[in-house]
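Take a look at the structure set out below.
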């Protein structure tokens, strides 16, 4: 079974020369200044004239801007256009949050450390073997760790703590679905209860322990942060210490992402349908006693990766209401109130005894009955999966 027109992203590490690295840095700087200038223009247009500018208005001004800023001519023509498109998407997200009643967060100016990528959205790049050629920049080697299957549509160059990377957005002609499990006993469906003590508990009784990558790295991070804070501000030694700390943060993030990819792949191989709770994580992290542990667990990122993989594999992920999943008995439905310290579920009505989280996972599984199914429809769920 196949899905037509699947879009994926492939990420590879670059091996730029000193000259290419300098050109990358200069390109980022020019793009950042264009972004900030376009943002200032939008702010002034609304504040002074009550006029709302859009992408097409600002794109039409690019020829005039290039006369004032000759350094823009050093960029491939579509790169500055993509910068303006990025700003436009930022405003679209801002207005969407306003309409939804969320904390909007007005678009902000970007400092040097907060603008780390530029994009060739359609053309201006070519890949031959392990050599990537970029228009107006030159050729750069990359570590081609896996073959690309499909047609490359977009090329993005990104600066990270441990070097430069290229991300290719690829359109695949065919994407193979996983075969159905063909289980007739109800074992093709799984409910997942996420937590802090255990990362995930399944309705089958299986448990995934919480790796706590951030907690395990905190001591090292504190030492590195202390060393960086003692260096002279603006000095080269402070910059080196900051880069060491940034690499540690990156390592933690990569460990967590690798863990999510592997566990989610195991799940979609075993089950046809998977149910998770629709948790209000933003509200949960307001509890300052648990905020760090909740952020370290990163349940939201796990669900996004799981959903993306499931869509590509022909599986389904459902979000169900989380109310009383830990309190209700999964066998008879009686509500058994428990404190957080109570780790066992004992039902006085039917006598059912189970681990608290297993009982919750079984309730989550039961809530994907046809009348209660709520498919994940958040815009974030449409993110393109990055294959590491």
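Tabulated values for the structure
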{"read-out": "Residue within the stretch 324-333 that is touching a strand residue (DSSP E or B) at 6+ places or on another chain (Cβ under 7 Å), surrounded by fewer than 21 Cβ atoms within 10 Å (Cβ to Cβ), touching a residue at least 12 places away in the same chain (Cβ under 8 Å) and closer than 21 Å to residue 208 by Cα present", "value": "no"}
{"read-out": "Candidates 139, 113, 88, filtered to the one that is under 23 Å from the mean Cα position of the chain (by Cα) and over 25 Å from residue 59 (Cβ atoms)", "value": "113"}
{"read-out": "Residues that are touching a residue at least 12 places away in the same chain (Cβ under 8 Å) and not in a loop (DSSP other than H, G, I, E, B), drawn from the stretch 41-66", "value": "41, 42, 55, 58, 59, 62, 65"}
{"read-out": "Qualifying position, being touching a residue at least 60 places away in the same chain (Cβ under 8 Å), in contact with a helix residue (DSSP H, G or I) (Cβ under 8 Å, 6 or more places away or on another chain) and within 22 Å of residue 156 (Cβ to Cβ), among 19, 15, 32", "value": "32"}
{"read-out": "All helices (runs of 4 or more DSSP H) inside the stretch 194-309 with 3 or more residues being in contact (Cβ under 8 Å) with a residue 60 or more places away in the chain and more than 19 Å from the chain's Cα centre (by Cα)", "value": "236-270"}
{"read-out": "Test: residue in the stretch 67-85 that is surrounded by fewer than 12 Cβ atoms within 10 Å (Cβ to Cβ) and part of a loop (DSSP other than H, G, I, E, B)", "value": "no"}
{"read-out": "The lone exception for residue 95 - which of (1) closer than 28 Å to residue 253 by Cβ; (2) under 22 Å from the mean Cα position of the chain (by Cα) it fails", "value": "(1)"}
{"read-out": "Some residue of the stretch 213-227 being loosely packed, with under 15 Cβ neighbours inside 10 Å and touching a strand residue (DSSP E or B) at 6+ places or on another chain (Cβ under 9 Å)", "value": "no"}
{"read-out": "Number of the condition not met by residue 118 [criteria: (1) over 16 Å from residue 154 (Cβ atoms); (2) surrounded by 13 or more Cβ atoms within 10 Å (Cβ to Cβ); (3) within 27 Å of the chain's Cα centre (by Cα)]", "value": "(1)"}
{"read-out": "Failed item, numbered, when residue 239 is tested on (1) touching a strand residue (DSSP E or B) at 6+ places or on another chain (Cβ under 8 Å); (2) loosely packed, with under 14 Cβ neighbours inside 10 Å; (3) more than 22 Å from residue 359 (Cα to Cα)", "value": "(1)"}
{"read-out": "Filter result for residue 152 (over 20 Å from residue 16 (Cα atoms), at pLDDT below 95 and within 20 Å of the chain's Cα centre (by Cα))", "value": "no"}
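Quick grid of which residues meet (1) in the same structural domain as residue 351 (by TED's automatic domain parsing); (2) crowded, with 17+ Cβ neighbours inside 10 Å; (3) over 24 Å from residue 172 (Cβ atoms):
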position	(1), (2), (3)
262	yes, no, no
282	yes, no, yes
294	yes, yes, yes
297	yes, yes, yes
301	yes, no, no
309	yes, yes, no
313	yes, yes, no
316	yes, yes, no
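The values are calculated or read from the model by the stated rules, or taken from the named source; none is laboratory data. None of these values were measured; they are calculated from a predicted model. Cβ sites come from the backbone with ideal geometry, for glycine too, and all protein chains shown count toward neighbours.
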